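All remarks here apply to the structure that follows.
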Amino acid sequence: MIEVVDLHKAFGSNNVLKGANLKIEKGETLTIIGRSGVGKSVLLKHIVRLLEPDSGYIQIDGENILDFDRKQLMAYRRRFGMLFQGAALFDSMTVDENVGLSLREHTNTPEEEVKEIVSEKLRVVGMKGIENLKPAELSGGMKKRVGLARAISMNPEFILYDEPTTGLDPIMADAINDLIIRLREELNVTSIAVTHDMTSAYKISDRIAMIYEGEIIFAGTPDEVKNTDNPVVQQFIRGEAEGPIKAV
Ligand SMILES: Nc1ncnc2c1ncn2[C@@H]1O[C@H](COP(=O)(O)OP(=O)(O)OP(=O)(O)O)[C@@H](O)[C@H]1O
Ligand SMILES: [Mg+2]
């Protein structure tokens, strides 16, 4: 289990996280929702210690990840696959090189086997046979899928998805949703997704947590989210300009 405890993070005078608390249970898919710029990506980055908090901490199975030395941190990060916002593929590298990057850099897997694993992961995301293409030759949806193939290349226990469906057409978005559900079922992964796509959040999530003004103000099942009388949550999930959240 991952536990985020009283996380504070400021960039200069910009206080982004102001005491965020969140528990992620093994095997669940938890989605973090909230407005643009509220700190969703920042929170996700803290979970793999790509950012360090000003105060507060993150525990995995009772161990504080801030206490990890370099070697422990590397081992910890290897348990994660991360689909970055915008896929973050390397433009100069082929799909094969992108997906096989960690295997080639961090393991001694023979080249022949790496190629097999890359093909298999591409098959899982429905992108078989595109090994030799470059990112510039892919559509947005294809890039997300390749990013996902890379995220699962090392058989992670946890997958972090940052905006997996943003910018995709509704059908491709739904295909990505199905893929996220299938990965949980087939690979038994624990997932943390960040999104403002409520259709996706309802479909993929066991629980949904909302971040607002630096804190997690609500966490519950999709039904609990829909039925809460919290006015901030209601305004957000209905996408209304009027309400306690100021539009600008
Ligand atoms: N490395 C950084 N240095 C300085 N400020 C940062 C850094 N990363 C994020 N921020 C700031 O922190 C705030 C939260 O950013 P974040 O990327 O987490 O937003 P978000 O909720 O993911 O938004 P979106 O939905 O648009 O992706 C923003 O004000 C952003 O400018
Ligand atoms: Mg973001």
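Here are a few things to note about the model shown:
- Net dipole in debye of region 83-154 [+1 Lys, Arg Cβ; -1 Asp, Glu Cβ; about Cα centre; nearest 20]: 400
- Entries in Lys143/Lys226; Lys45/Lys128; Lys23/Lys45; Lys23/Lys115; Lys23/Lys128; Lys26/Lys128 that, when Cα-Cα distance is taken, lie over 27 Å: Lys143/Lys226; Lys45/Lys128; Lys23/Lys115; Lys23/Lys128; Lys26/Lys128
- The chain - charge dipole about Cα centre, Lys and Arg +1 at Cβ, Asp and Glu -1, debye rounded to 20: 300
- Computed from the C-alpha gyration tensor, the three semi-axes of the ellipsoid equivalent to the chain are 30, 22, 16 Å, from longest to shortest.
- Pairwise centroid distance, computed over Cα atoms, of region 100-137 with region 167-216, Å: 24
- Relative exposure of Met127, Met198, judged by other C-beta atoms within 10 Å (fewest first): Met198, Met127
- Kirkwood hydrodynamic radius (C-alpha pairs) into Stokes-Einstein, region 1-108, 25 °C and 0.890 mPa s, D in µm²/s: 157
- Note: relative contact order over the chain, using C-alpha pairs below 8 Å and six or more positions apart, is 25 percent.
- Too-long pairs where the Cα-Cα distance tops 26 Å, listed order kept, from Lys18/Lys203; Lys9/Lys121; Lys40/Lys134; Lys9/Lys246: Lys18/Lys203; Lys9/Lys121; Lys40/Lys134
- Farthest toward positive dipole pole in the chain [+1 Lys/Arg, -1 Asp/Glu at C-beta], among Val99, Asn132, Ile192: Asn132
Computed from the coordinates by the stated procedures, all read-outs in this text should not be read as laboratory data. In this text the structure is predicted, and so the values were computed from the model without any measurement. Ideal geometry is used to build each Cβ from the backbone, glycine not excepted, and the neighbour counts take in all protein chains shown.
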